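Contents: one structure, followed by commentary.
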């Protein structure tokens, strides 16, 4: 059971790292768009990064939910064995 929880913990950590990287990329592209607000390449990149960020945040939320669920299930099993 703990192995499954560790998997979700690892996925959560990776999602957080990805979100941080995407946040940096988003900041960079916004700075570029300040100078050239109609640059089609930058706008396309902004759209892609925004979509990737949305997907990553959904994954992060899902992993957190599954991790919480796993920990609750593990706690129930441990309580059963301790009784």
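Is there a residue being part of a loop (DSSP other than H, G, I, E, B) and either out of contact with any helix residue (DSSP H, G or I) (no Cβ under 6 Å at 6 or more places or on another chain) or surrounded by 11 or more Cβ atoms within 10 Å (Cβ to Cβ) (or both) anywhere in region 62-75?
Step one: of region 62-75, the residues part of a loop (DSSP other than H, G, I, E, B) are none.
Taking every residue of region 62-75 in turn, none turns out to be part of a loop (DSSP other than H, G, I, E, B) and either out of contact with any helix residue (DSSP H, G or I) (no Cβ under 6 Å at 6 or more places or on another chain) or surrounded by 11 or more Cβ atoms within 10 Å (Cβ to Cβ) (or both).
Can you pull out the residues in region 1-48 that are within 27 Å of residue 78 (Cβ to Cβ), without any contact (Cβ under 8 Å) to a residue 40 or more places away in the chain and either more than 21 Å from the chain's Cα centre (by Cα) or exposed (fewer than 11 other Cβ atoms within 10 Å of the Cβ) (or both)?
Selection gives 3 alone.
Values in this text are rule-based calculations from the coordinates and carry no lab data. Computed from a predicted model, the values in this text were never measured in an experiment. When we count neighbours, we look across all protein chains shown, and the Cβ atoms used for this are built from the backbone with ideal geometry, even at glycine.
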